[in-house]
1. With 19 Å as the limit, write out which pairs from Lys453/Lys493; Lys91/Lys501; Lys449/Lys501; Lys449/Lys493; Lys249/Lys545 have Cα-Cα distances beyond it, or answer none.
2. When averaged across all projection directions, what area in nm² does the alpha-carbon convex hull of segment 364-502 cover?
3. Hey, can you grab everything whose amide H is under 5 Å from the amide H of Glu276? Only 5+ residues off in sequence or another chain; H modelled, so Pro and N-termini drop out.
4. Using a 1.4 angstrom probe, figure out how much accessible area segment 334-463 has per residue, in square angstrom, rounded to the nearest whole.
5. Quick one: 3J(HN,Hα) in Hz for segment 222-236, Karplus 6.51/-1.76/1.60 with θ = phi - 60°, rounded, Gly and Pro as x.
6. Around Ser198, which amide H atoms from residues at least 5 apart in sequence, or from another chain, sit under 5 Å from its own amide H, with H modelled in the peptide plane?
7. Would you check the accessible area of Val243, probe 1.4 Å, heavy atoms only, in square angstrom rounded to 10?
8. I'd like to check one number: the per residue accessible area of segment 16-143, probe 1.4 Å, reported in Å² as a whole number.
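The values are calculated or read from the model by the stated rules, or taken from the named source; none is laboratory data. This is a predicted model, so every value here is computed, not measured. Ideal geometry is used to build each Cβ from the backbone, glycine not excepted, and the neighbour counts take in all protein chains shown. SASA here: full protein model, heavy atoms, side chains in, ligands and nucleic acids out. Shrake-Rupley method; radii C 1.70, N 1.55, O 1.52, S 1.80 Å.
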Amino acid sequence: MDIPNLRWWGWGTVDQDYSLEGRTAFWPTLQEWLELPDEAIANETPPVPLDEIALRPPRLDDPQLCALRKLLGEEAVRTDTRCRVEHAYGKSYRDLVRIRAGHIPNPPDVVVYPADQSQVVMTLAWAADRDIGVIPFGGGSSVLGGVEPEPGDHPTLTLDLAKLDRVLAVDPVSRTARIQAGATGPEVEAQLNEQGFSLGQFPQSFEFSTLGGWIVTRSAGQNSIGYGKIEHMTQAVRVVTPVGIIETKNTPATAAGPGLLEMLIGSEGSYGILTEATMRVHPLPAVQDYRGILFHTLEDGLSAFRDLMQSPALRPAIIRLSDGPETAAYAVMSHEHHGVRKLIDAVLARYLNAQGFDLTGGSTLMTLGFDGRPAWTAGQWDTALEICRDHRGLSLGRTVGESWKRDRYAQPYLRDTLLGHGVIVDTLETATTWSNLMNLYDSMVSAMKATIKTTDGGPGYVMTHVSHAYAHGASLYSTFLGRQVADPDPLAKQAQWQEIKHATTEAILAAGGTLTHHHGIGRDHAPWLSEEIGRLGVRALRALKQTFDPDNILNPGIMLNP
């Protein structure tokens, strides 16, 4: 992570935000939904100033730091407050309420920026010799505690891969590219686009997350329906472990025993540090045609979604179905128009009502899109719209799709604003089969709402969308909002969040959902890993950990509880 103007206390950069100007319905509606007091709306609590944060001194002595600087170079080794603060946490709710309050009891002792793989190797050897923990760091966008140093007396070094940011080679015949692990989403796409290709991986964290982070957490981009999850894009990897370098073979498939590649994907830096990968890339599409489809009910939208995914004639790039509450939130977030635009809005609203649709009363919005050549895309749309009409869907045209593309990376900035106004907001995600999807949805949403109330969060508001789908099932991604507890202690706010997280995760697993579809394990999901894969499965992962990292210096406490 080497981005100017970074918000150390929140998401993104200080020169960007999610503007609420012209969104006149937002605050009044949010106040009604959450029963927020007037003072929460009127007053915003800012993060503490950086110069008021007192960090624990680095636990590495001067001779150790001098040796590290001699190994990597003076500028590659940092112990300044800002750098250590930026690398202390990820970007989950519990991370942000603590960092905004200046509560950072366990920052990394030193942050290093290796210039290449050889320096990664040297750093690991140096740390292993001194029993110093090493945390691999990409963009720091983890929402599950995946980059937070382990509590305790063990010194910790954070290894930031920001300098490993290049596309090393593109094979246009095979449609593969060798890419360094520290490249952010924009860096990956800019270099591939110059040669007429795209990776097709666009998570909401795209602007600040990295290729390595995507691979080791089994990430899914918003276009995963068309391009696959990150594990479907990854053909080979190179990983530096404390006992040697692993390089899987660059072939499209193999039958040479259990898949070592699969064991390394999703390993979250606990087996080794991924330095580069060979990725499957795609020619840049000539057009991206994304549109909105409105359905009367969630059940109608889900039936259409499933038929679209199971149709052998279709290959959509994206399908995203918002439930009623999320559709209502989109309506509330829309800009107020004036003059002719306001009249057009009124006419459209009357037309939708006449057709039985209600944007704030249960109707559900689908964003559906195709990437490809113009003629092919047009044919895809003909078939897709016929399927949607079979389920009473109404096409809203391209304006909805363009609006979604424009704002797709901006919404995390709104969370920073909400935290300043006393709102708890976070997300949980899972996946299951089509036949179990509504059961899982009901269980997940009910658990969230109930626990928000019992933790003094007010009535709360839960909104969900279905995405990252397959012929056999789909994921659910829920955002919950409520009132923060009145106690200013960030640990009290964390405890409120923890109760909601725990109750919802238990409900997800009891209803047959997976622990996580695309966020990973980190620290937050580690307590449930044995329930997800079984005790024998956990023993197998521990055996791999012992093989690759016998002294347990890599991301200790991540994924596998001590």
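1. On the way: Lys453/Lys493 14 Å; Lys91/Lys501 15 Å; Lys449/Lys501 11 Å; Lys449/Lys493 17 Å; Lys249/Lys545 21 Å.
Over 19 Å Cα-Cα: Lys249/Lys545.
2. On the way: hull surface 41.4 nm².
Mean projected area for segment 364-502: 10.3 nm², to one decimal.
3. Under 5 Å from the amide H of Glu276: Ala181, Arg238.
4. On the way: 6180 Å² over 130 residues.
Heavy-atom accessible area per residue stands at 48 Å².
5. Those phi angles translate into 5, 9, 5, 4, x, 10, x, 6, 4, 5, 7, 8, 8, 9, 7 Hz.
6. Hits under the 5 Å cutoff: His282, Leu284.
7. So the heavy atoms of Val243 present about 90 Å² to solvent.
8. On the way: 5690 Å² over 128 residues.
Accessible area per residue, segment 16-143: 44 Å².
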